[in-house]
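Notes follow the structure.
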Protein chains: 2
Amino acid sequence: MLKGGYWGKILWVDLSSEKISEGTFDEGFARKYLGGVGLATRIISETVTKNTNPLGPGNVLVFATGPYQAANIASAGRCAVAAKSPLTGYWGEANAGGHIGPELKRAGFDAVVITGRSTKAVYLWINDGKAEIRDASALWGLDAVKATAALKEAVGDAKAAVSCIGPGGENLVRYACIANDNHGYFGRGGMGAVMGSKNLKALVTRGTLKPPVADADKLKEVYKAILTRAKEAPFTAVNAEHGQAAAVVSREENGLLPMKNWAQDNWVDGAAKIGTPRFTEELQIKKWACPACIMGCHRKITNPKYITETGGPEYETLGMIGSNLLVDDLAAVVKANDLCNIYTIDTIELGGVLAWAFECYEKGLITKEDTDGVALEWGSGEALVKMTEKVARREGIGDLLAEGLRACVDRIPESKPFAVESMGQAAGAHDPRAFFGQTITTIASTRGSCHLHGFAEAMELGALLPEIGITEAIDRFDATKKGYAGAIYQDVTQFWNSLTWCLFYFFSGVSLGDEVDILNAITGWDVTPAEAQKIGERIVCMQQVFNLNMGMVPEKENVMPERLTIPHKEGGAAGQVPPWQAILKEYWETKDWANGIPSKAKLVELGLGSLEAKKALCVVARDYKD
Amino acid sequence: MLKGGYWGKILWVDLSSEKISEGTFDEGFARKYLGGVGLATRIISETVTKNTNPLGPGNVLVFATGPYQAANIASAGRCAVAAKSPLTGYWGEANAGGHIGPELKRAGFDAVVITGRSTKAVYLWINDGKAEIRDASALWGLDAVKATAALKEAVGDAKAAVSCIGPGGENLVRYACIANDNHGYFGRGGMGAVMGSKNLKALVTRGTLKPPVADADKLKEVYKAILTRAKEAPFTAVNAEHGQAAAVVSREENGLLPMKNWAQDNWVDGAAKIGTPRFTEELQIKKWACPACIMGCHRKITNPKYITETGGPEYETLGMIGSNLLVDDLAAVVKANDLCNIYTIDTIELGGVLAWAFECYEKGLITKEDTDGVALEWGSGEALVKMTEKVARREGIGDLLAEGLRACVDRIPESKPFAVESMGQAAGAHDPRAFFGQTITTIASTRGSCHLHGFAEAMELGALLPEIGITEAIDRFDATKKGYAGAIYQDVTQFWNSLTWCLFYFFSGVSLGDEVDILNAITGWDVTPAEAQKIGERIVCMQQVFNLNMGMVPEKENVMPERLTIPHKEGGAAGQVPPWQAILKEYWETKDWANGIPSKAKLVELGLGSLEAKKALCVVARDYKD
C-alpha cells in the first residue's frame, strides 16, 4: 500500500477517441520506477516501437511528477515529460521547472499519459481529479505568452499552471520545447513538436488536494536540517543573485564554454559582455523562482529597455546562442532567447544548428542566396535574431534548420565536422575537453548529447557521492575512473530526475543521503543510497533498451563529435582531449553493457528480465502491479 | 522548346508559409523524366532525405500528370501522386484514375508540388492557371463522399475534380489513400496520411485550357488505328462488362488468388460467390469510366439493396479483403470496400493487415480482450466491417493495425510469418507461386510489394514487348528469364505510369510501339521504344537510389515473404515455388545493380551521375533545365 508521496493514480487521455480514463499503480511499482522520467520510461517502453512515428498518433507523451511534490520541498518544483524524440528517433525526455509539477500532483495525479492525436486543436484541462479535452481552435497560432494568458483566463484561475506550445511546436520544429508559465521550459528532444503533432496546444493544470505524506514529523525534522544547510551554501547565494549567467566568465576561463562552434580557444571580452556582473546590472535582473525554491535561478529582466515577459537567458542559452556564435551583443541574445521562449524552441539545439549554419556560411557551403540575404557572420546578433524567426516559421532555409543537425548534414555531407552532436542531438554548453567527466554525458546519454544525464563534471568540482563510494574528486584532465563516474552519476541523476528533484541543490550541499532521507520520510520506505542508485540504474538501462529497440547501434552513435577530438591551442583547456574510447569502454564495463548492450544478467538483476514480454497491443489505462 | 504534351509549368505550394509560386521545365527535362511518377521522383529526390519524417512538414507531396493528358487519349485519364511513404519510410507512389489528371492538366499545370504543413485544415483550389489555399475547417472530419460534394459546391462547379481524404487520412492511418471523385483511388503507400499530416483535406482542380499538341494530324491518324484495335480486343469487352471482378474465379483456378492469408489452396465456392457472374448480376453493375476511357473498369453498384456512392470492389479488393480473409459474404465485402472508400483506406494493405490479425487470432496471439470482443474468425464479414471501422478511427487495436504490418510484427514478434509483405508494404493479390513473373513485382518494386511496378505476369499471359526483345511468352512455372523480364517490365511500366497511361490497355492489344507513336505525335519527339525503356529504367533507378538514401539494405528488404516460399499442396499452382534468389540475382544483373546498388557506370549512362550534387537547401519553385 502506498503510504505517502503518491496518489497511485495515472490519468490516461486518448486524443483520437477523446477517451479519458484512470489507471493505478501499487507500491512495488512506485519503488521500482519512482516517478518523473522513471515512470515515463516504464510506460512508453510498453508500446512505442521502432515503427512508431514520433510525429504520428502512436507516439506516447507522458508528463510525470515525483514523490517529492507531495510535500512542498524546495528543489522539487520540477516535472518530467517524455516521448519518442522527433529529433533523434530515440528516447526523448525533458525536465523542467515551473508550476506544472506541483499543480498536477495537487490535482490528484502522479502522471498523465497522452496517446493518439486529435484532428482539431485542443487543450487538456486537469483540475482537482477531473480532466477535460477542450477546443483550442482560437488559440492555435498564438505565441506561448499570449496562449498562457488566454488559457488562464479560459479556465478562470490565474494560479493554473500552463504548459503550452507556440508556433515552433505547431510547426513541428523538431527541437520545439514546451513553455511552463513563461519561465520553465521542457527544452530538449522536441517534446513541443510531439504536442504539435497531436494538435495539443496545452496542458492546463490546477490542484488544491494535499497528497499523503507517510511520516510528516520525520520529514519536518530531516528537511529542516537540509534546508538550513542549503541556505548557507555559497552556491545558493550566487545562484540567487545572478542565476546561471554567473558561470559564463569562469567557464570561458576554464575552457568549458563553447566558442565559435567549439573551435575557438578564448573569448574574454565577449564573455564579460554577456556574463555577470554586466548581465545582472544591465538587465536589472530579479529572481523568478519555481514553487518553494530558495534559489530562484530563473531570471526576470526588469530593465525597460529589454523587458520581456519570459525568463531571461540562462547559462546554456548564453553559451549556445551567445558564445558559440560569438554573439556578444547582449540585447540580441536576450531578444533571440525571448523569441525561443514565445515560439517554444530549444535554445541549446538552436545554438548547435546555427553554429553549423554560420560555419557553413564561412566556408561558402551556404550563401546569401540560401538565406534570403541574411549574412550568417560570426558575432552577428542580427543574423541570430532573423534566423530564430525563420526556424520558428520554417521560412526558407529555416525549414531545413528546423529539422535538426542530422537533416542539415544529409543536405550538405561535407559539413559533417561542423555538427557537434551525439545521437542527433546537439551537445550542451559543457566542453568535455575541459572536464573529462563530461565525456559520457556528451556522447552516451540515453537521450542524445546532454547536460543533465550524468554530469560527472560535478565530481571534478567536488560534488561527491560518498554514500556510494565516490569519495574524492579527480582532476578534470585526469581520465582515471571517468567512465566509472560517468556511469554512477548517470544513475544518480536519473534517480534525481525521477524524484523530481533539481540538480542545483547538489551544489548547495544537499547529498544523495539527504535526498534518500527525504524520500523515506515522505513514502515510509527504507530506501538506501545503494538502492537509490539501483533505481537510477534501472531507469537508464530501460532507456538504453528502448534505444536499442529503436534500432540504435551504440558503437555508431556513442561517438565523440570530431570537433571535440581536436584540442584547444590556448585557454583553460589548452592541449587537452579526453581519451573518449577508453572512457566509453570503462563506462560500458561498469554498466555491464558490452558494446552498449545490457547483459541478460544485468536485466534480470534490475528486474527487467520480463519487460519485453509485457508489450501491450492497445494503449489503454491499466493498473500496474510490480 | 516544348512543342506539345506539356505546359512546362509546375505549381509549387508551400503550406507552411502559404506561398504559391510557379516553376518551369524545358524540353530536355521533360524528355528525361516524362511526367507522372518520373517527374515526381526527380523533384522529391532533391530534398527528401533519410531524416525527412514522412508525416512531418519536410515531406514533399507531388501530384503529376503526363504528356498524354494533353490530347483526350483513352487510357490517359490517370494521375500520379508521390512522397516519402509513411508506411514504409521508402519511396511512396500511387497511380489512379478519376478526373484529377485531365483537370489539373487543363488548369495549366503539369504537376503540383506541395511542401510544408498548414497548421489549420485547408484545401487547395486550382482553376485555370490560378491557385488558392482555402480554409477547410468546416470540412475536416467529413468522409470522402460528403467532402467531395461539399467541395464541388464550395467552388461552384460540379465538374471540378476532387481528390480528398476522409477520416483515415486525417487520423494518419499509414495506408490511407486519396479518393478521386469517389471512384478512383490513389491507393498505396499512405499518400492520404501525408495529406492528413499536412492538414490538407483536398485538391480541387478544374481547367478549360487546351494543352498544345505538336502534330495533331499525326496524332489523329496514329490514335485512330490504335483505338480501333483496342475496341475490338476481347479484354476490352470483358472489362467493360464485368470490370476487374471477372478475374476472381479464373485466378482461384490458376492459384493466383490469395486465400486465408496466402495459406489455403482452393476456394471454389467462395470465388463463385464474390466473383463474376454473380458479382455483376447481384450488384446490378454499371460501368463508371475515367475520362475518355472506352473500357470503364470502375464499377457502379445499382442494386438498391447494396447501393453506395463510391466505386464497387475491384479485383485487388475482392482478393485482399475477400478471399484472403475467406469472406464470401458479398454484402460484407461491398460494405467494407465502401467504408474504405469513404474513410480513404487502401483495401490492399487493409486486407494484408487483417489477414495477419485473423491468423494471430486463430493462433491465440490476439484474443477478444484485445479486439473489444470482435471474433476475428476466417470468413467473418462482420469482423471485416467492424475492424475497418476500428482502423479508420484508430479505436482500440485499430490503432495498432493502422500502423501497418511491420508495426504489428514489432508488437508480436512471433507473428512474423503471417506478415506477407516486402519493404513493409503488403503484397497485392497476385501470388508469385502461380506466376513466377510476379517475383520481382512482389519483392523488388521500389515502392514495396506491388502489383503495378513490373507485372511481368503480363509476359506469361502473352502481352509481350517485341519492340525491345521480349518476343515470346515463357511458361508461368518456368523460371527462365524471369529476373530479366522483371527488370524490363518494371522499366516499361514506369514509362507507362509516367505517361500517365493505364496498364489495362496493354491487354487490349496496345503495344509499347503504339504508346511511343502517340507520345511522339503529341510532343514532336522521335522517342524509340528503346529510349522509352531507358526513360523507365532511369525512373526506376532514381527510385532505387532514393530508397538507398533512405537507408534501405536491398539484401534485407528484397526478400520473399516466408509464407510465399511454401508451395501450395493443391490447386492451380500446386507444388510450385519460384526460385526467388536466382530470379532476384538475374534482375540485379540485368539492371547493373550488384546487390541492389546501381553501379556508377549505370548512373552515368542514365544521366544521373550528377544528381546527388543537385541537392537543394530550400524547397522552392525552380526552373528545370536538363
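Observations on the model:
- Residue list for segment B:575-602, restricted to those being open to solvent by 40 Å² or more (accessible area, probe 1.4 Å), of a type outside the set (S, T, N, Q) and in contact with a Gly (Cβ under 8 Å, 6 or more places away or on another chain): B:Ala582, B:Lys585, B:Glu586, B:Glu589, B:Lys600
- First in segment A:52-65 and within 7 Å of another protein chain (Cβ to nearest Cβ), second anywhere and of a type in the set (Asp, Glu) and assigned to a loop (DSSP other than H, G, I, E, B), Cβ under 7 Å, 6 or more apart: A:Gly58/B:Glu403
- Tally of residues being of a type outside the set (A, V, I, L, M) and within 9 Å of another protein chain (Cβ to nearest Cβ) across segment A:373-397: 4
- Wholly enclosed helices (runs of 4 or more DSSP H) of segment A:475-590 bearing at least 3 residues touching a helix residue (DSSP H, G or I) at 6+ places or on another chain (Cβ under 7 Å) and either within 30 Å of A:Asn72 (Cα to Cα) or not basic (Lys, Arg) (or both): A:482-499, A:512-523, A:529-549
- Here A:Leu464 meets the list (1) out of contact with any Leu (no Cβ under 8 Å at 6 or more places or on another chain); (2) touching a residue at least 12 places away in the same chain (Cβ under 8 Å) almost entirely, failing just condition (2).
- Just one residue in the set B:Val173, B:Val194 is part of a loop (DSSP other than H, G, I, E, B) and within 14 Å of chain A (Cβ to nearest Cβ); that residue is B:Val173.
- Filtered residues of segment B:360-372 (kept if within 11 Å of another protein chain (Cβ to nearest Cβ) and farther than 18 Å from B:Asn324 by Cα): B:Leu365, B:Ile366, B:Thr367, B:Glu369, B:Asp370, B:Thr371, B:Asp372
- On inspection, B:Leu209 fails the criterion of being within 30 Å of B:Gly524 (Cβ to Cβ) and assigned to a helix (DSSP H, G or I).
- Meets criteria (within 14 Å of another protein chain (Cβ to nearest Cβ), out of contact with any strand residue (DSSP E or B) (no Cβ under 8 Å at 6 or more places or on another chain) and modelled with pLDDT under 95) for A:Lys556: no
- Residues in segment B:439-474 that are open to solvent by less than 50 Å² (accessible area, probe 1.4 Å) and either not in a loop (DSSP other than H, G, I, E, B) or not assigned by TED's automatic domain parsing to the domain that holds B:Gln544 (or both): B:Thr439, B:Ile440, B:Thr441, B:Thr442, B:Ile443, B:Glu457, B:Ala458, B:Met459, B:Glu460, B:Leu465, B:Ile468, B:Ile470.
- Screening B:Glu403 on (1) assigned to a helix (DSSP H, G or I); (2) within 12 Å of chain A (Cβ to nearest Cβ); (3) surrounded by 23 or more Cβ atoms within 10 Å (Cβ to Cβ) shows it passes everything except condition (1).
- Exactly one residue out of A:Phe504, A:Phe477 is farther than 15 Å from A:Tyr68 by Cβ and either open to solvent by 10 Å² or more (accessible area, probe 1.4 Å) or without any contact (Cβ under 8 Å) to a residue 40 or more places away in the chain (or both): that is A:Phe477.
- Total residues in segment A:604-626 satisfying the condition of being surrounded by 18 or more Cβ atoms within 10 Å (Cβ to Cβ) and more than 26 Å from the chain's Cα centre (by Cα): the figure is 3.
- The requirement of being in contact with a Gly (Cβ under 8 Å, 6 or more places away or on another chain), aliphatic (A, V, I, L, M) and buried (at least 22 other Cβ atoms within 10 Å of the Cβ) is not satisfied by A:Val204.
- Any hit, segment B:281-294, residues being crowded, with 19+ Cβ neighbours inside 10 Å, farther than 20 Å from B:Pro102 by Cβ, within 23 Å of the chain's Cα centre (by Cα) and of a type in the set (A, V, I, L, M, F, W, C): no
- Residues (at positive phi and either among the aliphatic types (A, V, I, L, M) or open to solvent by less than 10 Å² (accessible area, probe 1.4 Å) (or both)) located in segment A:84-122: A:Gly98, A:Gly108, A:Gly116
- Here B:Lys591, B:Lys569 are screened, and the one residue that is modelled with pLDDT of 95 or more and touching a Cys at 6+ places or on another chain (Cβ under 8 Å) is B:Lys591.
- You will find that of B:Gly36, B:Gly28, the residue that is open to solvent by less than 10 Å² (accessible area, probe 1.4 Å), away from chain A (no Cβ under 14 Å) and either in contact (Cβ under 8 Å) with a residue 40 or more places away in the chain or among the hydrophobic types (A, V, I, L, M, F, W, C) (or both) is B:Gly36 and no other.
- Selection status of B:Gly437, within 14 Å of chain A (Cβ to nearest Cβ) and either small (Gly, Ala, Ser) or more than 23 Å from the chain's Cα centre (by Cα) (or both): no
- Only one entry of A:Glu282, A:Glu241, A:Glu252 meets the criterion of being closer than 23 Å to A:Ala573 by Cβ, in contact (Cβ under 8 Å) with a residue 24 or more places away in the chain and assigned to a helix (DSSP H, G or I), and that entry is A:Glu252.
- Unique residue being modelled with pLDDT under 95 and of a type in the set (Asp, Glu) when the list is A:Glu282, A:Glu253, A:Glu221, A:Glu241: A:Glu241
The values are calculated or read from the model by the stated rules, or taken from the named source; none is laboratory data. Computed from a prediction, not measured in an experiment: that's the story for all the values here. With ideal geometry, Cβ positions are generated from the backbone for all residues, glycine too; neighbour counts draw on all protein chains shown. Ligands, DNA and RNA are excluded from the accessible area calculation, which covers all protein heavy atoms including side chains. Shrake-Rupley method; radii C 1.70, N 1.55, O 1.52, S 1.80 Å.
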